[in-house]
Every structure is written in structure tokens, then in C-alpha cells.
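Please treat every number below as a calculation from the coordinates, not as lab data. For clarity, every value in this text was computed on a predicted model and none was experimentally measured. All Cβ positions, glycine included, derive from the backbone under ideal geometry; neighbour counts span all protein chains shown.
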Amino acid sequence: MKIRGKVFVFGDNVNTDEIIPARYLNTSDPQELAKYCMEDARPGFGRRDDIKGAIIVAGENFGCGSSREHAPVAIKAAGISCVIAKSFARIFFRNAINIGLPIVELKEAGEFEEGDVAEVDLENGIVRNVTKNREYRIQPYPDFLMEIMRTGGWLEYCLKTLKE
Amino acid sequence: MTLAEKLLSKKAGRPVKPGEFLLLEPDVVLANDITAPLAIKEFREHGGKRVKYPERVVLVPDHFTPNKDIKSASQVKLMREFAKEQGIEKFFEIGRMGIEHVLLPEEGLVKSGDLVVGADSHTCTYGALGAFATGVGSTDIAGFFLTGKVWLRVPESIKVHLTGSFKEMVTAKDLILKLISILGVDGANYKALEFLGPGVANISMDGRFTVSNMAIEAGGKAGIFPVDENTIQYERERGIEVEPMFPDESATYVREISIDLSTLEPQVAYPFLPSNVKDVTEAEKERIRIDQVVIGSCTNGRIEDLRLAAEILKGRTVAPHVRCIVIPGSQRVLKQAIKEGLVDVFLEANCVVSTPTCGPCLGGHMGVLAEGEVAVSTTNRNFVGRMGHPSSKVFLASPAVAAASAVKGYIADPRRL
């Protein structure tokens, strides 16, 4: 599973209220949510033409706050291919795994700049900054979570393995 | 074993260790009018026909109710029809409902020892009862509908050792704000907070709910209290008999923090993080002019909170330029507040009193802030745009500080009115 895209940089503690403000939560339609993705962190982000396939790079504790799965759903539906952060808040992390949005914890996330091209190789645990020609090793997911990711998400995993 | 390990071992039917992944069948599963519609949609898209354990599901439309617009009304309609179709009896309409985390313990729908997962980050509130309760997402709820199971990683625990008792006008809210300032907003990420020590006996059940509620604001997976005499009494009032539960002497904690409750001052969390905390004496010096006060929410919408606010507002009035919104956390709390004359106090003081709703806490309705406006709120988050316009500001505090600030028109110390 290799992902390549242009980088958009965000800071620390980007919370789910910024990722998808509650004023847009009266729907759960992914395409509607996508339009307001990252709205209170960077107004208009979800409506840009150049975010399809792009990669969000952020600091510590990305996705803190509310449990709203609408946050990773909005990011995924907006066409973002992966989120790289120094760390993730717990519920955002599980939501992303559950819906099959690739996310990567990378301590050196701060070395990326806006507009760099990043490449993520999840199976082999490698992140590259193509623009700066740097390469980083990442901790692979625990087996259980990797299996959920490979299956395409928690419900796909449930259907495959749990439902009698 | 820690409390978290004990609770999860009991569910797993064998001793478990931090770091293990478990597939467990929770006792109670919860979703609200934001998170349930997404879960229902995913359940159906994945071929779901019958919910495996409808009797374990609780659905509470509380965020945008009484419905603020057509879209939110449609979301609740979807929930209501799903509840009927699936035989989910624990669906709560307005007039019978409450904010989920006030309602469930009050009605005895969650109890000590339970494993509770909820598609709401403040599900950790029930840790106050000595339950393992944690917030998850909508897909987790859909997975439960399909299979009756959720996946959980056993967390490491942080011990919060409490001694002493609160001084006058200092509350459980001040304790948890102080703790978040010590830990930072991710200091307990992936971990359980466990509140232990002789100080626990001096914290009321309503206070414990406030403390456990905001464990998530330090990133905590859970915020668990032992089951002691206070808990046993609280459960008995609801017809539930439970056994005491404490961690083992030999339990391993990754970190230990000690707090003497008698040294705490009223706290104020400045925008834009709940960890951005100062003593109220510092805040008062800054004369921070406010436009709105909110007293309520899953954090501070219980009867003790309203009693404290009323104690301060009695015989006083809200400053002319301030709007003060009081939101009892449940129908039962509202009725009790009327019976005790608290609602009269609020109305005489020129507050508005609302039906239970999450409403303004998340900038939903019933008190959304305009550009540049400032609020003091007893809620749990003060992120950018949380209560309305991205340039508005929320200061978090206890009901005592909130009520005193409403009277003064700026952030004020309740002990110096």
C-alpha cells in the first residue's frame, strides 16, 4: 500500500471541532462533510481543487476532542490520501483505522514543509520526503490493527471474521 | 491489578495486561443524534438487518434537540424509526430525556462494573461509578449492532492520588481542570486515569461525574473511581446492589500524581485549550469582560451544580451586558431544581432556563457566540470555534465561578462577591 501526495501542514492539537465544526454536523453525508473539512483550522480547505490525493501532516495530538467520526470521514471524503502526525488522539486514531483512512505516526513530522511531496509505504513502514530526499522508518501497526486496515476497515473485518 | 485491568479482566473472563487487544461484548452501548445516524447508515450498508443486542443499546438525541433545524430533525427521525424497527426501548424523547451522561447514571442504565462504550467522547463519565467506560466512533457502534462486540486495547493507568477536602467554593471541576493543566491535553492519551486515595471519600457522586467526564480532555481513555460507600449508596438508591472495588496493592501505574484537595483554588481554563489553566485570583485581576455565561452540560449540569450556582445568584442579578443561560442536565434535574426553588432564583436573577440539551457547548444552538464574543462556561471544551464563531472565546470554569462572573460581568472569584 503506497501513497504519494502533496503535503499540507497543520500544527499541534488540531481538534475535531476544527476538522469538522459542529455547525455542519446536522448531516452525515460524506460529500457534504468533505466541503467543510478542516474548516476552522484553514477556512475553505475542503473546497480547494488541489487537495485530492494530498497528505495532511500535523503535530502532536491530531484529532483530539469529540468522538465524531465525521472528522476522519470528512478528511477521507475530501480525497486526502493519508494523515501523518507526530501523535494522534486515541478516538481519532481508532476511527481512522475503523474506516480505513491511512494514518501514520511520525516523530519527525515537523520536518515536512507545505508543498513537499511525501510518499508513505505502510506495508514496509517507510515514509519519504521526496522533495527533501529524506527517508524515515515508522513503527508498523500492531498485527490486529494492520489486519483491520488490510481488510478495508472494522466492519469489513467484522463481516469477514466475526459474523458466524 | 489496576481498576482498568480488573474491569477488563472481568469482561474478558481471564487476567489481561496493558497493550493486549481484546474483543469484548459491552454491557451498554450508547449513541446520540450526531453519532447514531452514521452508525445506522453503516450498519445497513454492511448488510445489517437485526441489531444483535437491542436491549443493551441506549439512544439519546441530546445534541441538537429540541431540534434546531430540518436536517437535525431528520437525523433524530432516522434514530427514532430505527429504535422502533429494532425494538430498542431505551430511546429518549425530549420531556423524558437528559444529556446522555447525566441521564444514564441517574436512571440506573449504567452501573459499577459495567463495560460501556459510547459514540461520544464524554462516555468516560461513567468511570465515576467504577465502570470501564470509553468513547468510540460510529463504526464501533455499527460493529456492535452487527456482532455484539467491540475491539479494545487494554490501557496502562495513571494514578491520581487524592488527599484532603475542598475549600469553600472549590469544586470537582477545579480538581479536573488542575489535573488537565498538569497532564496537558494529551498527557493521558491511550491511558486510563484512576482516582484513588483518602481524598476520594470527600468527593460527592455528582463531583465524581464531573471529574471522570473530563478525563478525555487530557486524552484519557477512561477516568475511573473505586467503588466505595458513596458509590454503593448511590447505586442502592437506584435499586442496584454492587460490591466495593479497589485496585490491588501490587497494581502497576505508569505515573503517579498527588493532589491535596485543600490546596486547590477555583480554576479557569483560557482559550483555546482546556489545559490552559490559571487560578481565578489571577484571572480576576485581568478584568476579562464577558458576553455570555453557560451553566450546564454533561460536565456540570447536575443538581449540585445548579444548587451552587443558585447559592451565588440568589438575591443578585446578572450584569446588564451579560446573557446567562442555565441548562439543567436532565428532566429529573430540571424538576428537582423547580422543586427546590432554584429555577425561581435563576429567573429572578435574569437568567434564562432551558430544557436539557448539549446546545451551546458545541456551538449547536441555544446560545451560539458571535464574532469576537466571550463566554464563561461550565462545559468541557474551549477550542477555536467551539461555541460559535471561530474568533469567539470560551473560558471554562466551575458553576461557582460562572455564576459569580455572570453577576460581575467579568471573570470573577466567587469568594469575593
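Going by C-beta contacts inside 10 Å, put B:ARG307, A:ARG47 in order with the fewest on the left. Display every interim value, and only then the final one.
On the way: B:ARG307 16, A:ARG47 13.
Least to most surrounded, the residues fall as A:ARG47, B:ARG307.
For the pair B:GLU243/A:GLU114, report the inter-label distance in nm, with labels modelled 7 Å from Cα in the Cβ direction.
6.0
In the protein assembly as shown, what % of DSSP beta bridges are antiparallel (nearest 5)?
The antiparallel fraction comes to roughly 30 percent.
For peptide A:70-82, compute the average count of partner chain beta-carbon atoms within 10 Å of each residue's beta-carbon.
Average neighbour count from other chains, rounded to a whole number: 1.
Take the Cβ-Cβ distance between B:ARG236 and A:ASP29 as r, set R0 to 60 Å, and report the resulting FRET efficiency rounded to the nearest 0.05.
Once the sixth-power term is evaluated, E becomes 0.85.
If you count, for every residue in B:146-152, the Cβ atoms of partner chains within 10 Å of its Cβ, what is the mean?
Mean number of neighbouring Cβ atoms from other chains: 4.
Just how large is the dipole of chain B about the Cα centre, in debye to the nearest 20, putting +1 at every Lys and Arg Cβ and -1 at every Asp and Glu Cβ? Before the final figure, lay out each step's value.
Working: 49 positive and 52 negative charges, 148 e Å.
With only Lys, Arg, Asp and Glu charged at Cβ, the dipole is about 700 debye.
Which of A:GLY44, A:GLY79, A:GLY59 moves most in a GNM of chain A, Cα contacts under 10 Å?
Of A:GLY44, A:GLY79, A:GLY59, the Gaussian network model singles out A:GLY44 as fluctuating most.
From zero up to wherever the largest Cα-Cα distance of segment B:332-417 sits, split into 10 Å bins and tell me the percent of pairs in each.
Here the calculated profile for segment B:332-417 is 17, 43, 35, 6.
At 10 °C and 1.306 mPa s, what whole-number value in µm²/s does Stokes-Einstein give for the translational diffusion of segment A:11-164, with Rh from the Kirkwood sum over Cα pairs?
D, rounded to a whole number, is 100 µm²/s.
Give me the tail of P(r) for segment B:249-296 as a percent: Cα-Cα pairs with distance above 15 Å.
67
Between A:MET149, A:GLY125, A:TYR36, whose Cα lies farthest towards the positive end of the dipole of segment A:2-162 when Lys and Arg beta carbons carry +1 and Asp and Glu beta carbons carry -1, centred on the Cα centre?
Value computed over the given set: A:MET149.
Give the cysteines in the protein assembly as shown for which no other Cys Cβ lies under 4.7 Å away, or write none if there are none.
Unpaired cysteines in the protein assembly as shown: A:CYS37, A:CYS64, A:CYS82, A:CYS158, B:CYS124, B:CYS298, B:CYS358, B:CYS361.
When the dipole is taken about the Cα centre of the protein assembly as shown, and only Lys, Arg (+1) and Asp, Glu (-1) are charged at their Cβ, what size is it in debye, to the nearest 20? All intermediate terms of the calculation are to be shown ahead of the outcome.
Values: 71 positive and 77 negative charges, 162 e Å.
About 780 debye.
Residues with amide H under 5 Å of B:ALA133's amide H, sequence separation 5 or more or different chain, H placed in the peptide plane at 1.01 Å from N; which?
Answer set, sorted by chain and number: B:VAL116, B:GLY127, B:GLY223.
Would you please give the residues with an amide H less than 5 Å from that of B:VAL394, counting only those at least 5 places away or on a separate chain, with H modeled from the backbone geometry?
The list, which skips near neighbours in sequence, is B:ALA375.
For a footprinting-style exposure proxy, rank B:GLU241, A:GLU18, B:GLU100 by other Cβ within 10 Å, fewest first.
Exposure proxy ranking, most exposed first: B:GLU241, A:GLU18, B:GLU100.
Normalised by the empirical 2.2 N^0.38 Å for globular proteins, what value does the Cα Rg of the protein assembly as shown take? If you can, show how the numbers build up before the last one.
Values: Rg = 22.6 Å, N = 581, 2.2 N^0.38 = 24.7 Å.
Normalised Rg, Cα atoms only: 0.91.
Per residue and in cubic angstrom, what volume does the convex hull of the Cα atoms of segment B:267-416 have? Before the final figure, lay out the partial values.
Numbers: hull volume 13.0 nm³, N = 150.
Cα convex hull per residue, to the nearest whole number: 87 Å³.
So which residue, out of B:GLY118, B:GLY239, B:GLY199, gets the largest mean-square fluctuation from a GNM of chain B using Cα contacts under 10 Å as springs?
Among B:GLY118, B:GLY239, B:GLY199, the largest GNM mean-square fluctuation belongs to B:GLY239.
Please list 3J(HN,Hα) in residue order for segment A:145-152, calculated via the Karplus relation 6.51 cos²θ - 1.76 cosθ + 1.60 where θ = phi - 60°; whole Hz, with x for glycine and proline.
In residue order, the calculated couplings are 6, 4, 5, 4, 4, 4, 6, x Hz.
Could you work out the local net charge near B:ALA319, counting Lys and Arg as +1, Asp and Glu as -1, over the other residues with Cβ closer than 11 Å to its Cβ?
Details: positive: B:ARG289, B:ARG316, B:ARG323, B:LYS408; negative: B:ASP291.
Overall, the nearby charge balance is +3.
With a/c under 1.5 counting as rounded, go ahead and sort chain B into rounded, prolate or oblate using the C-alpha gyration tensor (a ≥ b ≥ c being the square roots of the eigenvalues; past the cut-off, prolate if a/b is larger than b/c, else oblate).
Working: a/c = 1.72, a/b = 1.22, b/c = 1.41.
Oblate, because a/c is 1.5 or more while a/b does not exceed b/c.
Please rank B:TRP151, A:TRP154, fewest neighbouring Cβ atoms within 10 Å first, as an exposure proxy.
Starting with the residue having the fewest Cβ neighbours, the order is B:TRP151, A:TRP154.
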